[in-house]
Amino acid sequence: AFPILPAGGQRLVLVVYSNTVGHFDDEQVALFGRLVQDVSFALEFIAADQARADAQHFREQLIESVAGLFFALDASGRLVLWNRRLEEVSGYAHEVLATMRAADFFVPPDKELVCGRLEEAFAQGETQVEATLTGRDGTGTPYLFVGRRLDMAHGPLVVGTGIDISDRV
C-alpha cells in the first residue's frame, strides 16, 4: 500500500496486491513509490490550477457585479481593466476602451479636474470626484467617482467605481 498525499488534498492510497508472498522486489517497490510521488505532484498541480481558475472567475464576477462602473487605470491614466457597464454607458467597444485613457471620457473643465484627482489618487492613495462622463454619442452623465491606489508588482494602479448621480444632480 502506497499513500498518495497531495498537499492539502484528499488522502488516497494505491494498493497493489499479489497472491504470492514476496512477489514484488525492492526495485518494483521503489518504482511504485516514485509513481505515487508523481501522482501526488500531478494532483497538487491540478488542485492549484483549479484554485487559480476559481480565483480568476471570482474576480471577474466581482467586477461585473458592481452596480455602477468599475475601472482600473495605470499611472498614465490608461484603462487596464473595466466592467461591461462601462462599455454600455460609454458606448465604446471593448477594443476601443483598451486604447483609452480616463481623460478621454471628459470635456473641460471636468477633464482637468479628473486628471488632477487621478494624480491625487496615485500620490495620496485615494480620491473622489464628481464629473460628467461623456459617452461616444456626446451624451453627458454626472458620476461620483471614487478611486484608490493599488500597489501591484508591475506598478501602481488606481482602481475605482463610478456611480450615476443624475437623480441627485
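Taking VAL80, is it over 27 Å from ILE165 (Cβ atoms) and either open to solvent by less than 70 Å² (accessible area, probe 1.4 Å) or among the acidic types (Asp, Glu) (or both)?
Taking the combined requirement at face value, the residue does not satisfy it.
Go through the range 26-47 and give me each residue that's more than 43 Å from the chain's Cα centre (by Cα) and open to solvent by 80 Å² or more (accessible area, probe 1.4 Å).
If the condition is that a residue be more than 43 Å from the chain's Cα centre (by Cα) and open to solvent by 80 Å² or more (accessible area, probe 1.4 Å), then ASP26, GLU27 are the ones that fit.
Which of the residues spanning the range 137-148 are open to solvent by 80 Å² or more (accessible area, probe 1.4 Å) and either closer than 16 Å to LEU69 by Cα or in contact with a strand residue (DSSP E or B) (Cβ under 8 Å, 6 or more places away or on another chain) (or both)?
ARG148, the sole residue that qualifies.
For ARG11, are the conditions met, namely being within 30 Å of GLU130 (Cα to Cα) and open to solvent by 70 Å² or more (accessible area, probe 1.4 Å)? Spell out how you get there, then give the answer.
Working: within 30 Å of GLU130 (Cα to Cα): no; open to solvent by 70 Å² or more (accessible area, probe 1.4 Å): yes.
No.
Which one of these is in contact with a Gly (Cβ under 6 Å, 6 or more places away or on another chain), of a type in the set (A, V, I, L, M, F, W, C) and surrounded by 12 or more Cβ atoms within 10 Å (Cβ to Cβ): VAL158, VAL129?
Criteria check complete, one pass: VAL158.
Is it the case that some residue within the range 45-65 is under 30 Å from ARG148 (Cα atoms), touching a residue at least 12 places away in the same chain (Cβ under 8 Å) and not charged (D, E, K, R)?
Yes - at least one qualifying residue is present in the range 45-65.
Scan the range 149-169 for residues that are assigned to a strand (DSSP E or B) and under 17 Å from ALA67 (Cβ atoms) and jot them down.
Within the range 149-169, the first condition is being assigned to a strand (DSSP E or B), and the residues that meet it are 149-152, 155-164.
Residues satisfying the conditions are VAL159, GLY160, THR161, GLY162, ILE163, ASP164.
Only one of these conditions is not met by LEU14: (1) under 30 Å from PHE122 (Cα atoms); (2) free of Cβ contacts under 8 Å to residues at least 60 places away in the same chain; (3) touching a helix residue (DSSP H, G or I) at 6+ places or on another chain (Cβ under 6 Å). Which number is it?
Just one mismatch for LEU14, condition (1).
Is it true that some residue in the range 99-115 is more than 23 Å from the chain's Cα centre (by Cα), under 26 Å from PHE58 (Cα atoms), open to solvent by 50 Å² or more (accessible area, probe 1.4 Å) and at pLDDT 95 or above?
No: zero hits.
The values are calculated or read from the model by the stated rules, or taken from the named source; none is laboratory data. This structure is a prediction, so every number in the text was calculated from the model and none was measured. Here Cβ is always computed from backbone atoms with ideal geometry, including for glycine, and neighbour counts include all displayed protein chains. Surface areas here come from the heavy atoms of the whole protein model, side chains and all, with no ligands, DNA or RNA. Shrake-Rupley method; radii C 1.70, N 1.55, O 1.52, S 1.80 Å.
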